[in-house]
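To keep things clear, I will list the structure first and then write my remarks on it.
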Amino acid sequence: MQGLKQWLRPAESEQRHFSSRRKLKLLARALSCNPSIGGVGKGHLVKEIDALDGVMGRAGDRAGIYFSILNRSKGPAVWGPRAQMDRQLYKDFIQAELLSTPGVTILEGAVQDLLLTDANPDKPGKHKVCGIRLSDGGEEIRCSSVVLTTGTFLSGALFMGQSSSPGGRIGDPPSCEGLSHSLRNVLGLKVGRLKTGTPPRLVKDSIDFSLTSCFMPDSDPTPFSFINKHVHCKPEDQLQCYMTFTTPGVEKVVKECFHLNSHIQQDTKGPRYCPSIESKVLQFPGRRNMVWLEPEGLNSDLMYPQGLSMTMPPEMQLCLIREIPGLQHAKIHTPGYGVQYDFVCPTQLFPWLQVKSTQGLFLAGQINGTTGYEEAAAQGLWAGVNAGRTSLSMPPLSLSRTQSYIGVLIDDLVSCGVVEPYRMFTSRAEFRSSLRPDNADQRLTLRGFEEFGCVSEQRYNEAVRVQRTLNNALSDLQSIKFSAVHWNNKLVNVKISEAKGSFLSGLDVLPYKNVTLQMLASVIPELSGRYEEFSHRLKVEALYRPFCEKQRQQVEKIQMEESLLFPHDIDYKTLTIPISNEAREVLSNLRPHTVSLATFYHINACFL
């Protein structure tokens, strides 16, 4: 039986050694698992990251090789921009961005431990970060803020069949044990264990695509970044994705080798919305599951079988794969495997992602119990903003869940914690009519420049131009009104009820099916040629405007409660207010910092 160790290859970081003081030249952010970004909910995060001048959206536009909008059968507010990435192009773009960013120095080295001191010598117990210690020679780097983004590497372990080995992903070692020890025993943080997995990579030439269904990319690809008008890869050069299904033979293989799969037998929680094929078969026997065959790059000979994450022995993985139509003769390049890792319960963080008990220590990504690149990037951006502000002795900032999906993500984490890897969905946002992917720049870019300090002047000026143009267009559409009879006479194939009222503005008519800005321009000469660049955005804005106006009062009430601060050192156990002992205990443990959060904890005390 083939064990896990024979598949472990020295990581790139182990093959090349640099001085810890030398700029990093060969390593960069890599797409560890699925070579894609975006999707339903996740695509909203990518758009917001871009609106705050993060790099993910621009990297996606440069490295994307298959662009599509998911959820098109529903309203634009819940559309999911998604794209397959070329792994090497994505890595090259990110590396170039990092190395060319002014004021940024990149050092290579594994972190052995945190350097800590007492935040207040008169009141021992609360710590303050003063730097990090590297494992190579014990070199110390002094700083006032540290952001930990350990991914699956914190005490990580890899599983394949009954074999296990330390690691964060195949070929890479886990993070140093000293770091995990400090979080648990020195800082006293509550640390849990989660798991995830990855599918085997298949050799493209060994797949019979004639037995699968082919899916073409969008003919007019939508960029992730608001500053890009087009994606780099032309529509005709983009690759195809393919779909096939599991068969009863797959279920048979899973059940036959269940006793050989230690990862799936353990109680550690895995991702509910991206489960392994073993979990799907055991929880829903008899069900036919979709398998998406996705390219790993323009010049790659590998395919990624989305939906086939597995951790059984390699020879059994091959047996399972060959039970699937189109994969009867498939060859495995690298087998799938499972990963287990430590995470910190995120209720121990402030909404600006600083650890409550440790000044200057920020956590972001899977260490907070999330899953996926998009959730990690969103947290990394916000933790970075606040770590920078802390270093400059500026007050930290929070994002409301009424303002962004990033705010929803962070609020869910710090308010409720996690029992399984957290994944973003549009259903998590109460005000998704307002938090759309098309308006992320208008919601966040101006604030990112004026309040947060993370947006460049160039992007800010573009956002101001867009805002001014959109406001002018909406004003022009609102100002021109005709009767329903007049609109029906002028617009072909559009039927507007005459009971709607005596006069309707262009903004009232634009949401109707089949009505476009170009059609309105034929009726309203003032619009001709002026706003074609924003025709889609204007239609979406007109469609959701009534809903957003109805929600405005509710949003304002929540924002007011979020702005009312609670003292962090309040003694809830002696507080003379009529609340249950259960609620007092929850409030004492979780320490809400706002009236809104305190109200949530009080109402949900029995569930927390």
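Just so you know, all these numbers are worked out from the coordinates, no wet-lab data involved. Here the structure is a predicted model, which means the values were calculated and not measured. Neighbour counts run over all protein chains shown; Cβ positions are idealised from the backbone, glycine included.
Considering only alpha-carbon pairs that sit under 8 angstrom and 6 or more positions apart, the relative contact order computed for the chain is 15 percent. Spatially, segment 467-488 and segment 382-460 are offset by 32 Å when compared through their Cα centroids.
Across segment 405-427, the residues whose backbone nitrogen lies under 17 Å from the label position 7 Å along the beta-carbon direction of Glu451 are 405-411. Over the Cα atoms of the chain, the radius of gyration divided by the Kirkwood radius equals 0.99; this is the Rg/Rh ratio. Extension gain, Asn514 to Met243, is 94.4 nm, computed as 0.36 nm per intervening residue step minus the present C-alpha separation.
Cross-link reach is defined here as a Cα-Cα straight distance under 26 Å, omitting same-chain residues fewer than 8 places apart; for Lys204 the lysines meeting it are Lys5, Lys91, Lys234, Lys252, Lys280, Lys331.
Ranking Gln112, Ile367, Phe93 by how far each Cα lies toward the positive end of the dipole of the chain (charges on Cβ) leaves Ile367 at the top.
Taking other residues whose beta carbon is less than 12 angstrom from the beta carbon of Cys548, and scoring Lys, Arg as +1 and Asp, Glu as -1, yields +4.
With the charge dipole of the chain set up from +1 on Lys and Arg Cβ and -1 on Asp and Glu Cβ about the Cα centre, the Cα lying farthest toward the positive end among the listed residues Phe425, Thr198, Gly60 is that of Phe425. Note on Lys126/Val494: beta-carbon distance plugged into 1/(1 + (r/R0)^6) with R0 of 45 Å gives a FRET efficiency of 0.10. Over segment 422-544, the hull volume per residue, using the convex hull of the C-alpha atoms, is 141 Å³.
For the chain, the dipole from Cβ point charges (+1 on Lys and Arg, -1 on Asp and Glu) about the Cα centre works out to 580 debye, to the nearest 20.
Taken about its Cα centre, segment 457-556 carries a charge dipole of about 240 debye when Lys and Arg each add +1 at the Cβ and Asp and Glu each add -1 at the Cβ. Applying the Karplus relation 6.51 cos²θ - 1.76 cosθ + 1.60 with θ = phi - 60° to segment 160-171 yields 3J(HN,Hα) values of 8, x, 9, 8, 9, 7, x, x, x, 8, 4, x Hz, where x marks Gly and Pro. In whole Å, how far is the Cα centre of segment 227-287 from that of segment 532-574? Distance between centres, Cα-based: 37 Å. Amide H contacts of Tyr337: Thr198, Met310, each under 5 Å away and 5 or more positions distant or on a separate chain (H built 1.01 Å from N in the peptide plane; Pro and chain starts excluded). Excluding same-chain neighbours fewer than eight residues apart, the lysines reachable from Lys513 by a Cα-Cα span under 24 Å are Lys74, Lys481, Lys490, Lys495, Lys500, Lys539, Lys550. Here the dipole of segment 257-370 is about 340 debye; that uses its Cα centre as origin and unit charges on the Cβ of Lys and Arg (positive) and Asp and Glu (negative).
A simple count of charges around His263, restricted to other residues whose Cβ falls under 15 Å of its Cβ and scoring Lys, Arg +1 and Asp, Glu -1, yields +3.
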